[in-house]
Amino acid sequence: MKLRHALSALLLTAAGLAAPVATAPAAHADTLICDQYGSTTIGGRYVVMNNRWGSSATQCINVTSSGFRIQTQQGSTSGGAPLSYPAVYLGCHYGNCSPGSPLPRQLGSIGNASSSISYTYVGGSVFDASYDIWMDPTPKTTGVNQMELMIWFTRAGGVQPVGGRVGTTTIGGRGWEVWQGNNGGNDVVSYVAQSSLSGWSFNVMDFVNDVDNRTRVDRSWYLTSVQAGFEPWSGGVGLAVNSFSANVG
């Protein structure tokens, strides 16, 4: 989770570290955020967070009207958990809810959850581009959720998800490696794109339904947030979320 992320195994993601949320004024013109847990809102609908949970080194993000770009990244680690998870999200994250959030919402009441994301990648960095879907048996707005569903659009530098690879599947007409594990704080199911994606429009519930079939998650659980960003281990300046949208119907 990413105010979140407890330490996990070598070169894999994690989740769950509780921390306070610092909230900046809503962004209109570009806004630079360097505070460790600084955040702001865009479009009157989404929260953008710096979320430098895994490092004391400086990280700054430049927030635009539709997303953000990593402008400064002075941290570096060769193993363990990533440095941070700068991201944009709809829903609630450690008590910081997006404006007019429709989440948490029980999975059984969601017919469709359309989302669209556009990324910019850079070379010479170790990172993954991850779309995170958080679920819990209760309508939780604070703390760690019990299930993290990760969609890795791309990865660079040999990083891998929590746990082990359990197979492959096809969702949304695309092929995915499926990984399952637990980081010590919550269960994690990760879908790693078999070929890199820089953008996609899809139904979040297609992935949720697959997790429903694989794990203890069922329709009584709650969707608490959907998030899109990056997990850098080193480098990352220039990585950007160009645009993000999510609608829970």
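Quick one: which of Val211, Val159 is of a type outside the set (Lys, Arg), over 22 Å from Val47 (Cβ atoms), assigned to a helix (DSSP H, G or I) and touching a residue at least 24 places away in the same chain (Cβ under 8 Å)?
From the options Val211, Val159, the qualifying one is Val211.
Of the conditions (1) open to solvent by 30 Å² or more (accessible area, probe 1.4 Å); (2) under 22 Å from Ser245 (Cβ atoms); (3) among the aliphatic types (A, V, I, L, M), Leu103 satisfies every one except a single condition; which number is it?
Condition (1) is where Leu103 drops out.
Considering (1) modelled with pLDDT under 95; (2) in a strand (DSSP E or B), say which one Ile151 fails and leave the rest.
Answer for Ile151: the failing condition is (1).
Out of all the residues in region 168-200, which are open to solvent by 10 Å² or more (accessible area, probe 1.4 Å), at pLDDT 95 or above and in contact with a Gly (Cβ under 9 Å, 6 or more places away or on another chain)?
Thr168, Thr169, Glu177, Trp179, Gln180, Gly181, Asn182, Asp187, Ala193, Gln194, Ser195, Trp200
Answer with yes or no whether Gln59 is within 20 Å of the chain's Cα centre (by Cα), under 18 Å from Gly238 (Cβ atoms), at pLDDT 95 or above and open to solvent by 50 Å² or more (accessible area, probe 1.4 Å).
When the stated conditions are applied, Gln59 does not pass them.
Could you figure out which of (1) assigned to a helix (DSSP H, G or I); (2) surrounded by fewer than 19 Cβ atoms within 10 Å (Cβ to Cβ) isn't true of Met205?
Met205 satisfies every listed condition except (2).
From Gly111, Gly158, grab the single residue that is open to solvent by 10 Å² or more (accessible area, probe 1.4 Å), modelled with pLDDT under 95 and within 13 Å of Val192 (Cβ to Cβ).
From the options Gly111, Gly158, the qualifying one is Gly158.
Taking Gln36 and the conditions (1) within 19 Å of Cys92 (Cβ to Cβ); (2) of a type outside the set (Ser, Thr, Tyr); (3) not in a strand (DSSP E or B), which numbered condition does it fall short on, given that it satisfies the others?
(1)
Between residues in region 170-198 that are under 17 Å from Ser116 (Cβ atoms) and residues that are open to solvent by less than 30 Å² (accessible area, probe 1.4 Å) and assigned to a loop (DSSP other than H, G, I, E, B), which pairs lie under 8 Å by C-beta distance while being six or more apart or on different chains?
Every condition considered, the pairs that remain are Arg174/Leu197.
So how many residues does region 66-79 have that are open to solvent by 90 Å² or more (accessible area, probe 1.4 Å), at pLDDT 95 or above and over 19 Å from the mean Cα position of the chain (by Cα)?
1
Failed condition for Tyr89, given (1) surrounded by 22 or more Cβ atoms within 10 Å (Cβ to Cβ); (2) aromatic (Phe, Trp, Tyr); (3) touching a Leu at 6+ places or on another chain (Cβ under 9 Å), with all others met?
All conditions are met except number (3).
The values are calculated or read from the model by the stated rules, or taken from the named source; none is laboratory data. Predicted, not measured: the structure shown is a model, and the values here were computed from it. Methodologically, a virtual Cβ is constructed for each residue, glycine included, from the backbone with ideal geometry; neighbour enumeration extends over all protein chains shown. Ligands, DNA and RNA are stripped out before the accessible areas are found, and what is left, the full protein with its side chains, is counted by its heavy atoms. Shrake-Rupley method; radii C 1.70, N 1.55, O 1.52, S 1.80 Å.
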